[in-house]
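The structure appears below as structure tokens.
The values are calculated or read from the model by the stated rules, or taken from the named source; none is laboratory data. Not measured: the values here are computed from a predicted model. Backbone-built Cβ (ideal geometry, glycine too); neighbour counts: all protein chains shown. Side chains included, ligands, DNA and RNA excluded: accessible areas come from the protein's heavy atoms. Shrake-Rupley method; radii C 1.70, N 1.55, O 1.52, S 1.80 Å.
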Amino acid sequence: MSWRAIRSHKLRSTLTTLGVIIGVAAVITFVTLGASLQAGIIGDISPDDRQNVYGWAAPEESSNQGPLAGAQPVFTQPDVDGLSEQPGVRAAYGYTSIPTQSVGFGGERIPRQDAVVATGVDYVDEDEIADGRRFEYGQREAVLNPAMANAFERNVTVGDTITVTIVGGFAVNATVVGITEDSEARSPFEGFGPGPRVYLPLDPYYTQLVAEAQETPRFPAIVVEANSIDDVDRAKESTRSYLETESDAREQAEAANLTYELQTSTELLGQLQAVLDQLQAFVVGIAGLSLLVGSIGIANIMLVSVTERTREIGIMKAVGAQKRDILTLFVTEAVIVGIIGSILGTLLGIVGGWAGAQYIDIPLTYPVEWFGIAIAVGILVGVGAGLYPAWRGARTDPIDALRYE
Amino acid sequence: MNSTGGSAAVSLEAVTKTYMVGEPVHALDGVDLEIPRGSYVAVMGPSGSGKSTLMNVIGCLDTPTEGMVYLDGQEVTAMSDRERTRIRGEEVGFVFQTFNLMPRLTAVENVALPLVFRGISVDERRERAAELLERVGLGDRLDHVPNMLSGGQRQRVAIARALVSDPALILADEPTGNLDTETGENIMTLFEELHAEGNTVVMVTHERPIAEHAERVVHLLDGEIERIEELEAVGTEVES
């Protein structure tokens with residue numbers, strides 16, 4: 001009988017259901033995109049990256065805010081050299097991004113603020129070089145990734161010279177000695193997505209140019225590579241004890257009350273994931289609002305429906321319908337709308353998630369458990385929104401209801 | 001019919017119904033009435049005489065302020081709302097002036113409606129409803145919805161619905177009020193047939209010719225029984 005009532009008001013029921021469909025579809029789309037985004041990021045950590053420890057010194061209030069949050073330049077070249085001698089450590093080097101105005105090649109200048117990274121030789125692994133070789137420390141050489149090399153009208157190849165214009169307008173040249181195989185970020189310091197990059201040796205580009213005002217050049221970050229994945233914890237421990245007891249960084253870190261952040265890619269990713277989760281909760285919350293609006297739509301239409309069918313309620317009560325029967329009838333009606341809405345909404349959300357993933361070019365991952373949750377929510381919305389109108393219907397006095405025109 | 005002994009179908013003892021409309025208004029004021037099983041009673045009276053209230057009280061739609069109501073020997077006044085609803089479904093068959101059919105249900109579904117709330121199976125419901133529609137002459141209209149039926153046919157569906165639970169009494173409120181004279185006469189003939197078959201019929205009306213089909217006419221005035229009139233059994237003419 002509920003179903004027949006829904007069918008007899010096709011347009012009204014469709015519009016009501018649409019409210020639920022949109023709400024559920026929005027939730028499913030955003031949850032799918034969130035899950036896909038996370039899967040895309042997590043999938044990008046190479047096994048090689050897992051044995052690296054990323055370190056920087058920052059005020060305590062900046063901790064857990066992601067890679068390089070609040071990082072201060074405290075590490076010196078002797079610190080890095082000392083660290084590479086520690087047990088369990090294969091290599092250690094500094095890391096900093098160089099604030100630039102542009103990257104130029106062949107008379108063409110591409111404005112770029114965040115593309116240039118100065119670091120150690122081992123930052124780019126040998127087998128990651130597709131063409132040429134790694135740069136040498138102390139030389140005016142550069143390694144580019146394909147996104148950078150192909151950004152110019154004429155593609156940059158090994159042997160070409162590029163010009164990096166540092167903030168302040170000071171321009172330096174570098175000979176391209178290698179092109180990497182892909183444009184993925186090579187460490188969490190660069191972020192987690194692909195992008196155009198120029199990799200330069202810290203010496204001379206950082207030590208002589210950017211940090212020349214300082215007595216001793218100091219790097220804001222270090223990378224410590226463990227011998228193997230099993231050695232990561234040991235490398236981390238020895239790095240910490242070295243930094244706390246022997247390093248040059250110690251003095252400045254103590255003076256400025258900085259703490260050392262030493263984290264692996266996996267740990268940093270965990271933090272990033274926490275941020276992503278928050279973001280997702282926020283977006284899903286907004287999508288959830290539309291679901292709430294949808295449920296108010298159901299409640300509204302059920303109230304109209306109950307009023308409109310007052311006389312029918314009177315008839316049913318006169319022929320022996322209990323309050324419970326009337327309640328069931330209207331709640332069933334609301335639940336049917338809720339279920340249909342959530343099923344169609346889930347289908348629409350699956351399509352929406354797919355389209356969104358295509359658009360922002362991330363691998364599609366469906367959070368299947370959410371589909372179940374969506375349908376359960378649809379039923380709950382139906383019950384929740386239908387309960388009050390149904391209760392109003394159930395307690396209608398049959399005498400008044402039969403007189404109702 | 002379905003109960004033992006000589007107890008009446010309906011029995012009212014000193015029933016008073018008071019509405020508070022600023023000051024107390026006695027819609028019914030100490031009414032004593034016995035409607036024997038198998039009788040055919042009409043209730044007449046001008047507007048405001050308490051006809052509707054009496055009908056609601058007898059039909060378990062309303063409870064009296066004071067006094068006792070027995071339906072088929074059971075004391076209704078002491079019952080909970082739930083029990084009263086149940087007994088209403090089982091022991092009272094309503095026929096209304098405006099038919100009061102469910103607009104979206106077919107004739108057979110309308111007739112079967114009271115059985116739905118008693119948890120009787122679909123097949124049994126349909127069988128019994130079809131049987132009764134056959135009885136009121138609508139065997140060929142089983143799957144028509146009310147707005148495909150004429151007024152007289154709708155009232156026949158309503159009567160079939162009133163009979164479906166095999167009730168202790170049929171309570172008709174101005175059953176011919178919305179029908180033309182000829183159709184009204186046909187409906188009255190049907191009631192007489194039902195009475196002849198042993199059903200108890202209570203009919204509220206303000207039309208004298210309609211009331212004359214009954215065996216007895218209860219005249220109400222200002223919430224009290226003014227007089228009870230015994231009539232010749234007109235029904236016998238029709239019966240043959």
Report the local net charge at residue A:13: Lys and Arg +1, Asp and Glu -1, summed over other residues whose C-beta lies under 12 Å from its C-beta. +3
Which of rounded, prolate or oblate describes the stretch A:345-388 when judged by the alpha-carbon gyration tensor and an a/c cut-off of 1.5? prolate
Report the A-B buried area as the accessible area lost on both sides summed, probe 1.4 Å, in Å² to the nearest 100. 2100
For the stretch B:153-240, what are Rg and Dmax over the alpha carbons, in angstrom? 13.1, 39
Just how far, in whole angstrom, is the stretch A:94-139 from the stretch A:232-293 if you go by their alpha carbon centroids? 26
Crossing angle, helix A:232-245 versus chain A [Cα axis fit, 0-90 degrees, rounded to tens]: 60
Mean separation of Cα pairs under 8 Å and 6+ residues apart, divided by the residue count of chain A: what relative contact order is that in percent? 30
Compute and list, largest first, the equivalent-ellipsoid semi-axes of the stretch A:152-216 from the alpha carbon gyration tensor, each √(5λ) rounded to a whole angstrom. 23, 17, 11
With every protein chain kept in place and a 1.4 Å probe, the residues A:133, B:154 fall, from largest accessible area down, as A:133, B:154
From the square roots a ≥ b ≥ c of the eigenvalues of the alpha-carbon gyration tensor of the stretch B:21-149, which class results: rounded (a/c under 1.5), prolate (a/b over b/c), or oblate? prolate
Which of the lysines could be linked to residue B:51 by a straight reach, that is with a Cα gap under 19 Å, when you skip same-chain ones fewer than 8 residues away? B:17
When the convex hull of its Cα atoms is projected in every direction, mean area for the stretch A:115-253 (nm²): 9.7
Please list, ordered by chain and number, the residues whose modelled amide H lies under 5 Å from the amide H of residue A:104; skip anything fewer than 5 residues away on the same chain. A:110, A:163, A:164, A:165
Give the dimensionless ratio obtained when the Cα radius of gyration of the stretch A:300-377 is divided by 2.2 N^0.38 Å. 1.69
Other residues with Cβ under 10 Å from the Cβ of residue B:74 give, with Lys and Arg +1 and Asp and Glu -1, a net charge of -4
How much of the pair distance distribution for chain A lies past 33 Å, counting alpha-carbon pairs only, in percent? 52
With every protein chain left in place and a probe of 1.4 Å, what is the accessible surface of residue A:404, to the nearest 10 Å²? 90
Pairing the Cα long axis of helix A:265-308 with the longest principal axis of chain A, what angle in degrees results, from 0 to 90 and rounded to the nearest 10? 20
What is the angle, in °, between the Cα long axis of helix A:10-42 and the longest principal axis of the Cα atoms in chain A? Nearest 10 is fine, range 0 to 90. 20
Per the Kirkwood formula on distinct C-alpha pairs, the Rh of chain B is how many angstrom? 18.2
Under a Gaussian network model of chain B whose springs join Cα atoms within less than 10 Å, the largest fluctuation of B:123, B:32, B:222 belongs to B:123
Among A:378, A:98, A:14 the positive-end extreme of the charge dipole of chain A (Cβ point charges): A:14
Once all protein chains are kept in place, residue B:115 shows an accessible area at probe 1.4 Å, nearest 10 Å², of 10
Peptides A:174-182, A:200-208, A:273-281: what's the order by average Cβ count within 10 Å, highest mean first? A:200-208, A:174-182, A:273-281
